Amino acid sequence: MAEYTPPKVWTWDSESGGKFASINRPIAGATHDKTLEIGKHPMQLYSLATPNGVKVTILLEELLAAGHSGAEYDAWLINIGEADQFGSDFVDINPNSKIPALMDRSGDTPQRVFESGAILLHLAEKFGAFIPKDPAQRTEMMSWLFWQMGSAPYLGGGFGHFYAYAPEKFEYPINRFAMETKRQLDVMDRHLAENEWFAGEYSIADIAIWAWYGQLVLGRLYSAAEFLDVASYENVMRWANAIDARPAVTRGRMVNRAFGDDLSMQLHERHDASDFETKTQDKIAKD
């Protein structure tokens, strides 16, 4: 690998970033005018079924399963490969141009919410669900929620990028971020050895962490399960499988999914619970 000497002042003179090079740029703001659609439900979600997007759709499906009808939502697909996140209406909701983005239209004044952790907290507090009422457990839950927000960039932007998406494979960054990812899995495994859930009960901390690390150990991220020897983290595997078995989690994984070989797991838009039934019927008919 040729040694790189940084210039005195960095300039953007070419696309970089491997698979996602076309959507990476050093400036913010909209690149084009695009109106977002608005459905009939209180919650309007604009997203894609990446780990960060899946966090929110899982929580919304869990809320509905728990009887919180006010969590009914329309989920609109934001195709980041086609730069939908840089459209004018989307940037108005999330100036950071990242999915997911939520418009809560349940009140007199629509409220925008961006960043997946903020959306989880907004919904959990709004409906008083999947967030512990006990003050000590709530504090523990917040610690683990923010642990995920701070740790996952090392998994996704670090390990995932260099292992799966970078245009060339280099030993140093892969080793560096594989080491950190395994350290994080060990943190989780030690905690889950003595705890069923991350904060006393199934909560938004579990949902947020599972979307990244649960899917990783279940073989759904970066095709890296064997490389990272995920089976050795037995407590993480137990926890990941328990969450994966929840029907609301399966539904949440489907929403805004527009990639992958399993078409039965792709529900590009979600506007009603019957959308899942239609998808299931289509799968049965094909089988």
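The values are calculated or read from the model by the stated rules, or taken from the named source; none is laboratory data. Everything quoted here is computed from the prediction, not taken from an experiment. Every residue, glycine among them, receives a Cβ derived from its backbone with ideal geometry; neighbour counts consider all protein chains shown. The protein model used for the area step is the full one, side chains on, heavy atoms only, and it has no ligands, DNA or RNA in it. Shrake-Rupley method; radii C 1.70, N 1.55, O 1.52, S 1.80 Å.
Details
- Residue within the range 181-201 that is part of a helix (DSSP H, G or I), hydrophobic (A, V, I, L, M, F, W, C) and open to solvent by 30 Å² or more (accessible area, probe 1.4 Å) present: yes
- Single residue of Arg251, Arg220 found to be assigned to a helix (DSSP H, G or I), within 21 Å of Gln266 (Cβ to Cβ) and not small (Gly, Ala, Ser): Arg251
- Some residue of the range 171-179 being outside any helix (DSSP H, G or I) and either open to solvent by 40 Å² or more (accessible area, probe 1.4 Å) or in contact with a strand residue (DSSP E or B) (Cβ under 6 Å, 6 or more places away or on another chain) (or both): no
Rundown of residues vs (1) among the aromatic types (Phe, Trp, Tyr); (2) closer than 23 Å to Trp212 by Cβ; (3) free of Cβ contacts under 8 Å to residues at least 12 places away in the same chain, yes/no style:
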| site | (1), (2), (3) |
| --- | --- |
| Trp12 | yes, no, no |
| Ile27 | no, no, yes |
| Leu48 | no, yes, no |
| Val54 | no, yes, no |
| Gly70 | no, no, no |
| Tyr73 | yes, yes, no |
| Ser116 | no, yes, no |
| Leu121 | no, yes, no |
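- Residue selected from the range 90-105 under the condition closer than 25 Å to Ile58 by Cβ and charged (D, E, K, R), by the criterion least open to solvent (accessible area, probe 1.4 Å): Asp104
- Residues (in a loop (DSSP other than H, G, I, E, B), touching a helix residue (DSSP H, G or I) at 6+ places or on another chain (Cβ under 7 Å) and not charged (D, E, K, R)) located in the range 93-152: Ser97, Ile99, Pro100, Ser106, Ala129, Phe130, Ile131, Pro132
- The set of residues in the range 215-256 that are farther than 30 Å from Ser274 by Cα and of a type in the set (S, T, N, Q) comprises Ser223, Ser232, Asn235.
- Test for Glu277: is it surrounded by fewer than 21 Cβ atoms within 10 Å (Cβ to Cβ), part of a loop (DSSP other than H, G, I, E, B) and at negative phi: no
- If only residues of the range 70-81 that are open to solvent by 20 Å² or more (accessible area, probe 1.4 Å), touching a helix residue (DSSP H, G or I) at 6+ places or on another chain (Cβ under 9 Å) and over 20 Å from Pro153 (Cβ atoms) are counted, the one that is modelled with the lowest pLDDT is Gly81.
- The number of residues in the range 32-63 being of a type in the set (Ser, Thr, Tyr) and open to solvent by 40 Å² or more (accessible area, probe 1.4 Å) comes to 1.
- Cross-chain or 6+ apart pairs with Cβ under 9 Å, the range 157-172 first and within 15 Å of Pro51 (Cα to Cα) and in contact (Cβ under 8 Å) with a residue 24 or more places away in the chain, then open to solvent by 60 Å² or more (accessible area, probe 1.4 Å) and of a type in the set (D, E, K, R): Phe159/Arg176; His161/Lys19
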